[in-house]
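A short write-up of the structure that comes next.
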Amino acid sequence: MIRYRLGAGAASVRWAMSPIHEVVSLAQLLTEPQRHAMFHPWLRRRHLRLSHTDLRALTVFMADGAYRPDFLDPSPMTSEPTFEEGMDALLAAPTDQTYAELVDAMRGRGADMGRLLNDPGRARSEAADALRRLWKTVVEPEWVSMRQALRAELLDRAIQVNREGLRAVLPRLHPSAAFEYDTVTVEKPVDIDVDCPEGLILVPSLFITDRVQCTTSDHWAPAIYYPASGRYLWAAPPTPRSLDRLLGATRARILAALTTPLQTTAVAGLVNVTPPTASEHLAILRDAGLVERSRAGRTAMYELTEAGHALLAAACSPASGSRADPPHGVQSSAEGRPLVATYSRTAANPSAFSRGSRTPKGNGAGTGTERLCRGPLDD
């Protein structure tokens, strides 16, 4: 078990997002796509770009059951850092840290991996180059939607903690996590105590699904990465049948998908229509007062209005007779009444931290995107 000891209790827990972590986790996912069926439609749509991206300098650290060096995944310094800030922290990792983590990562991996220890700086730089290629090729073009999904997650969790307390909310992030007195615990096959005088960071991740990842070393700030609930970036949620009859199948699916704020292109990919067709449907929903549009630079973002949330909640209520499960963001109270979650476009503002870790962050197999080009994704 990992025990994070908090000096000031729940008040010293903060929330943040991490673009560089999303890229590292995507690389991990590409080595083991069979474990993450929910991502298959999203990965297939990006198959061509991914198949031409050389990630071997990064995925070499992601063999099944192996420790993944922590310098690859620096803890976020602020609540909403940029990818470049994460890269700066990665490249600035001390040489002794890089070497020690490479030694741990290479243990039991064979003599051919020992070459990485001859020049730790080069191994780090080549892995960073691979991270940047993956960011530029796949993640950056869709980061606006991803960031909005993570902002909604941060706000949602902040509201839950304010209403119910951290003890009630932590097990929802993952069943292995708990909070008692001044200690956050995570069930892991290790025994580690971590003092958190400057706090603990909780980081939602879009590309991990069935585990939490823990940062415990002295080099980075203590952090726990958990599966984010904004999963409708990858596959459209189930749609209540009553909405199909009311709005038409395509507009009903769009409405259900927009519990996470999305770009037009992301909406189009989820419901399998062209961007112009998605834009036309979004305009109709906007005219009806169910959807609102905002801009992030030159990018248009769409999300549900209060009326849209209310309609979706009503369609998912027992009285509607709908057979589909409520999508993320629409919950029911103990009495069966719908609870409507309305997300603000302003993210929570957790405090900044300095960064570190030496706990295995994931399993994987394979050395690059070649795993993506065969197997379950081609079924």
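The values are calculated or read from the model by the stated rules, or taken from the named source; none is laboratory data. Everything numeric here is computed off the predicted structure, so don't read it as measured data. Note that we place each Cβ from the backbone using ideal geometry, even for glycine, and neighbour counts take in every protein chain shown. The accessibility values were calculated without ligands, DNA or RNA, using every heavy atom of the protein model including side chains. Shrake-Rupley method; radii C 1.70, N 1.55, O 1.52, S 1.80 Å.
Points to keep in mind about this one:
- Extent of the range 150-270 along its three principal axes (Cα atoms, max minus min coordinate, largest first): 54, 29, 25 Å.
- Extended-chain gain in nm, criterion 0.36 nm per residue less alpha-carbon gap, Asp96 and Glu280: 60.7 nm
- Peptides 160-169, 197-206, 243-252 ranked from most to least packed give 197-206, 243-252, 160-169, packing being the mean of other C-beta atoms within 10 angstrom over each peptide's residues.
- Taking amide H as placed 1.01 Å from N in the peptide plane, Ile192 has its amide H under 5 Å from the amide H of Ile2, Arg3, each at least 5 places away in sequence or on another chain.
- When the range 8-47 is reduced to its Cα atoms, the Kirkwood hydrodynamic radius in Å: 12.4 Å
- Close amide-amide hydrogen proximity is noted between Ala223 and Ile201, Thr215, each under 5 Å apart and 5 or more residues distant or on a separate chain (H modeled in the peptide plane; Pro and chain starts excluded).
- Our summary of shape: the Cα atoms of the range 116-178 have principal axis extents of 51, 30, 16 Å, ordered from largest down, in whole angstrom.
- With a 1.4 Å probe rolled over the protein heavy atoms of all chains, the accessible area of Tyr67, Tyr226 falls in the order Tyr67, Tyr226, largest first.
- P(r), alpha carbons of the range 13-99 - 10 Å bins starting at zero, rounded %: 15, 41, 36, 8, 0
- Heavy-atom accessible surface of Met1, to the nearest 10 Å², is about 60 Å², with a 1.4 Å probe and all protein chains retained.
- Global form of the range 21-180, assessed from the alpha-carbon gyration tensor, a/c cut-off 1.5: prolate
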